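The values are calculated or read from the model by the stated rules, or taken from the named source; none is laboratory data. This structure is a prediction, so every number in the text was calculated from the model and none was measured. Quick reminder, even Gly has a Cβ in these numbers, built from the backbone with ideal geometry, and neighbours come from all protein chains shown.
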Amino acid sequence: MRELIDLFIAFAKVGVMTFGGGYAMIPILEREIVDKRNWASSEELMDYYAVGQCTPGVIAVNTATFIGQKRRGILGGIIATLGVVFPSLVIITLIAGILTSFADIPAVKQAFAGIRVCVCVLIFNAVTKLWKKSVTDKATLALCLLVFILSVFLDISPAVFVILCAAAGILFTKVGLRGK
Amino acid sequence: MIYLRLFYEFFKAGLFAVGGGMATLPFLYDISDSTGWFTHSQLADMVAVSESTPGPIGVNMATYVGFTTAGIPGAVIATLGIIAPSIIIILLIAKALKAFRQNKYVDATFYGLRPCSVGLIAAAGVLVLKLALFNTELYQSTGVLTDLFNFKAIALAAVLLVLTRYVKKIKDLHPIFFIAASAVVGIVFAF
């Protein structure tokens, strides 16, 4: 029981201190999980993180489930995961509640019009960064452009693209298109 | 039953979004289009808030969308929805971690999924771009081509692009600095 509570608290801390997710989380996990609590080694952490990236879902959540599972089985996995999302729930609910009541003030509208421009740039930067890691040959280039064009012009659920591209990945590898 | 639908939509996002925070974005646009729970411009604002607050971006966006759609219970349900597939999948593969990582089908699947994710995020980016840099509605009513472009916004985008990509020291700053600066610019120059 004590360790379950500790799991929740440790991952709630990770959740609070993770600003933006992704790689920003690694040093915090190192400190809270490896150095302070000895729940996993640095190597294990990197393994979890790598698998967290190549399984669906939010990477921080996947990593939390792994470590919780390792410590306390299924229940541990669930508790650690709830811990990592708990701060988001509290903080975002508060902010969303406040922002909704200020949304009609002209200055707030102007601020968000400016912020939207920034969001564009941030998404563009995320795309170029992911592009470098994902588009490695002609086949992936074709796949990426096809998905982009089709989803801009047609109203198809992203889930459909995901399923088709998973199949394409296996097919391309089988027929030896990969890496060319 | 809005709660069931919320859970289902976010479960889907959690199951199919591969590659971190922004990967959930295309799914959120899809939810917006198919349910009408929130608008595209609300969604862009939620992205900004999710980037500027603690917590993983994907989780923050789920909580925010859930709250906007159905209050506090909505926030909780959307968040549980997006994490449920992760919990199930990770618990299933945790025992066979090495085998999973080295499995050639898993590897081949992700070889196809990664470029897909990039294409989907880029397409979602186009929607934000349309909203932030262009006045499509104004152009449709006046027909004047120069009305189509939001010149102030385009100038800000150009400056941000250079700052976040090419200027040493500044480009490594956390996104929250750029978001805050853009908010100030938005107010000062009356966007």
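Filtered by the rule that a residue be more than 7 Å from every other protein chain (Cβ to nearest Cβ) and within 15 Å of A:VAL61 (Cβ to Cβ), region B:64-81 gives B:ALA78, B:LEU80, B:GLY81. In summary, B:VAL118 fulfils each of the numbered conditions (1) in the same structural domain as B:TYR29 (by TED's automatic domain parsing); (2) closer than 30 Å to B:LEU6 by Cβ; (3) not hydroxyl-bearing (Ser, Thr, Tyr) with the single exception of condition (1). Annotation for region B:27-41: at least one member residue is within 10 Å of the chain's Cα centre (by Cα), crowded, with 18+ Cβ neighbours inside 10 Å, more than 7 Å from chain A (Cβ to nearest Cβ) and in a helix (DSSP H, G or I).
Test A:LEU150 against the stated conditions and say whether it is more than 7 Å from chain B (Cβ to nearest Cβ), over 18 Å from B:GLY19 (Cβ atoms), assigned to a helix (DSSP H, G or I) and modelled with pLDDT of 90 or more. Before the answer, list the steps.
Details: more than 7 Å from chain B (Cβ to nearest Cβ): yes; over 18 Å from B:GLY19 (Cβ atoms): yes; assigned to a helix (DSSP H, G or I): yes; modelled with pLDDT of 90 or more: yes.
Against the criterion (more than 7 Å from chain B (Cβ to nearest Cβ), over 18 Å from B:GLY19 (Cβ atoms), assigned to a helix (DSSP H, G or I) and modelled with pLDDT of 90 or more), A:LEU150 qualifies.
The residue list A:MET25, A:MET1 contains one member that is surrounded by fewer than 18 Cβ atoms within 10 Å (Cβ to Cβ) and modelled with pLDDT under 85, which is A:MET1.
Candidates are the residues of region A:29-53 that are of a type outside the set (Asp, Glu) and touching a Lys or Arg at 6+ places or on another chain (Cβ under 8 Å); the one that is modelled with the lowest pLDDT is A:ALA50. Annotation: B:VAL65 fulfils all but one of (1) modelled with pLDDT of 90 or more; (2) more than 24 Å from A:VAL108 (Cβ to Cβ); (3) crowded, with 24+ Cβ neighbours inside 10 Å; the unmet one is (2).
Within the set A:PRO158, A:PRO87, the sole residue that is within 24 Å of B:ALA75 (Cβ to Cβ) and touching a strand residue (DSSP E or B) at 6+ places or on another chain (Cβ under 8 Å) turns out to be A:PRO87. Annotation note: Cβ proximity below 7 Å between a residue of region A:156-179 that is more than 19 Å from B:GLY14 (Cα to Cα) and a residue that is outside any helix (DSSP H, G or I) (sequence gap 6+ or interchain) occurs for A:PHE172/A:ARG178; A:ARG178/A:ASP137; A:GLY179/A:ASP137. Look at (1) under 20 Å from the mean Cα position of the chain (by Cα); (2) under 25 Å from A:VAL152 (Cβ atoms) and you find that B:ASP147 fails only one, number (1). Annotation for region B:27-47: no member residue is aliphatic (A, V, I, L, M) and over 21 Å from A:SER157 (Cβ atoms).
Please determine whether any residue of region A:161-168 is at the interface with chain B (Cβ under 8 Å from one of its Cβ atoms), of a type in the set (A, V, I, L, M, F, W, C) and more than 22 Å from A:CYS54 (Cβ to Cβ). No; the residues of region A:161-168 include none that is at the interface with chain B (Cβ under 8 Å from one of its Cβ atoms), of a type in the set (A, V, I, L, M, F, W, C) and more than 22 Å from A:CYS54 (Cβ to Cβ).
Residue pairs whose Cβ atoms lie under 8 Å apart, separated by 6 or more positions or on different chains, with the first residue in region B:151-174 and closer than 21 Å to B:LEU129 by Cα and of a type in the set (S, T, N, Q) and the second modelled with pLDDT under 95 and not in a helix (DSSP H, G or I), are B:THR164/B:ILE170; B:THR164/B:LYS171. Helices (runs of 4 or more DSSP H) fully within region A:1-100 that include at least 3 residues being within 11 Å of chain B (Cβ to nearest Cβ): A:2-17, A:42-53.
The residues in region B:150-187 that are within 25 Å of B:PRO54 (Cβ to Cβ) and more than 24 Å from the chain's Cα centre (by Cα) can be counted, and the count is 1.
Under the condition of being hydrophobic (A, V, I, L, M, F, W, C) and facing chain A (nearest Cβ under 7 Å), which residue from region B:83-92 is nearest to B:TYR8 (Cα to Cα)? Top of the filtered list is B:ILE83.
Report, by residue number, each residue of region B:48-62 that is of a type in the set (A, V, I, L, M, F, W, C) and in contact with a Phe, Trp or Tyr (Cβ under 9 Å, 6 or more places away or on another chain). Give the steps one after another, and end with the answer.
Of region B:48-62, the ones of a type in the set (A, V, I, L, M, F, W, C) are B:48-49, B:57, B:59, B:61-62.
If the condition is that a residue be of a type in the set (A, V, I, L, M, F, W, C) and in contact with a Phe, Trp or Tyr (Cβ under 9 Å, 6 or more places away or on another chain), then B:ALA48, B:VAL49, B:ALA62 are the ones that fit.
Scanning region B:75-93 turns up one or more residues that are over 23 Å from A:THR55 (Cα atoms) and either surrounded by 24 or more Cβ atoms within 10 Å (Cβ to Cβ) or touching a strand residue (DSSP E or B) at 6+ places or on another chain (Cβ under 9 Å) (or both).
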